[in-house]
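Here is the structure we will look at.
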Amino acid sequence: MFGRSRHQQDRAGGAEASAPEEDHLPTLQEEDAIWSTPGPRTPDEVDTSSGYVDMGSLLIPAVPGMQLRTQVAQDKRTVLRALVVLGASGIQISVAAAPRSGGVWDEVREQIRSGMESDGATVVPTTTRYGEELLADMLVTLPDGSRATSRMRVIGREGPRWFARIDVLGPAAQTPEAGAEVEKVIDRLVIVRDDLPRARLDLLPLHVPEGAVEVPDV
């Protein structure tokens with residue numbers, strides 16, 4: 001999940017939902033000081049009583065026009081990650097337990113880099129407002145059989161006893177300007193860490209949001 005590339009994951013099915021119709025969606029143009037610092041957030045920082053899609057350990061701002069997809073494990077119950085689609089770009093999110101002492105991202109980042117490079121990707125470490133992240137050009141096969149590259153940003157964020165891997169896909173990964181709107185969504189994500197003792201990097205429980213529909217296995 002965290003130390004392997006996407007191509008090395010188990011086969012999984014998924015579900016898909018549109019953003020709910022809310023009268024009070026979160027305003028991504030707010031100028032409050034909190035939004036100038038990188039997310040995700042904890043529940044005590046943000047009012048999530050409306051305008052959020054509840055997936056259990058992950059709350060996602062319900063941006064108009066977004067599509068929300070989930071990838072589930074072979075048991076058809078365990079949700080591995082969520083994918084927020086905004087136009088031609090996407091944000092793929094997975095969340096796990098982490099120690100209070102932190103340091104998970106420093107270790108996992110090198111594992112992710114190694115896995116991607118073994119799949120033929122070119123990976124460049126870079127520093128952004130989220131700290132150290134990876135910029136990867138992944139090899140892909142086009143419908144006509146030709147080969148091309150697809151860029152992806154891999155962001156790791158740590159909070160109180162949680163770790164989030166956030167992959168930015170599509171045009172939003174190309175330049176800071178293109179990724180500005182996607183970053184507003186990332187900064188408004190909320191991670192809900194329960195009080196149960198959990199092993200390091202155990203996935204935090206996610207559930208398919210209400211109103212989701214099944215999509216074919218991938």
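The values are calculated or read from the model by the stated rules, or taken from the named source; none is laboratory data. These numbers come from a predicted model, not from an experiment. Ideal geometry is used to build each Cβ from the backbone, glycine not excepted, and the neighbour counts take in all protein chains shown. To get the accessible areas, we keep the full protein, side chains included, count just its heavy atoms, and leave off ligands, DNA and RNA. Shrake-Rupley method; radii C 1.70, N 1.55, O 1.52, S 1.80 Å.
Out of segment 164-196, which residues are open to solvent by 30 Å² or more (accessible area, probe 1.4 Å) and basic (Lys, Arg)?
Within segment 164-196, LYS184, ARG193 meet the criteria.
Can you tell me how many residues within segment 65-100 are charged (D, E, K, R) and in a strand (DSSP E or B)?
2
Would you point out which residue out of THR141, THR122 is at pLDDT 95 or above, polar (S, T, N, Q), on the phi < 0 side of the Ramachandran plot and open to solvent by 10 Å² or more (accessible area, probe 1.4 Å)?
THR122 is the lone residue from the list that is at pLDDT 95 or above, polar (S, T, N, Q), on the phi < 0 side of the Ramachandran plot and open to solvent by 10 Å² or more (accessible area, probe 1.4 Å).
Looking at (1) in contact with a Ser or Thr (Cβ under 8 Å, 6 or more places away or on another chain); (2) modelled with pLDDT of 95 or more; (3) not basic (Lys, Arg), can you tell me which one ALA96 breaks?
(1)
What do you reckon, is ARG161 open to solvent by 70 Å² or more (accessible area, probe 1.4 Å) and either under 21 Å from ALA98 (Cβ atoms) or out of contact with any strand residue (DSSP E or B) (no Cβ under 6 Å at 6 or more places or on another chain) (or both)?
No, not satisfied.
Specify which of the listed residues (ARG188, ARG165, ARG151) is touching a Gly at 6+ places or on another chain (Cβ under 9 Å), in contact (Cβ under 8 Å) with a residue 60 or more places away in the chain, of a type in the set (Lys, Arg) and more than 27 Å from GLN74 (Cα to Cα).
One residue alone meets the criteria, ARG188.
Every residue, every condition in (1) in contact with a Lys or Arg (Cβ under 9 Å, 6 or more places away or on another chain); (2) under 14 Å from VAL190 (Cα atoms); (3) not acidic (Asp, Glu), yes or no:
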residue	(1), (2), (3)
ILE60	yes, yes, yes
PRO64	no, no, yes
GLN71	yes, no, yes
ALA82	yes, yes, yes
VAL95	yes, yes, yes
GLY120	no, no, yes
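Could you say whether any residue in segment 197-208 is more than 27 Å from GLU110 (Cα to Cα), touching a residue at least 12 places away in the same chain (Cβ under 8 Å) and surrounded by fewer than 18 Cβ atoms within 10 Å (Cβ to Cβ)?
yes
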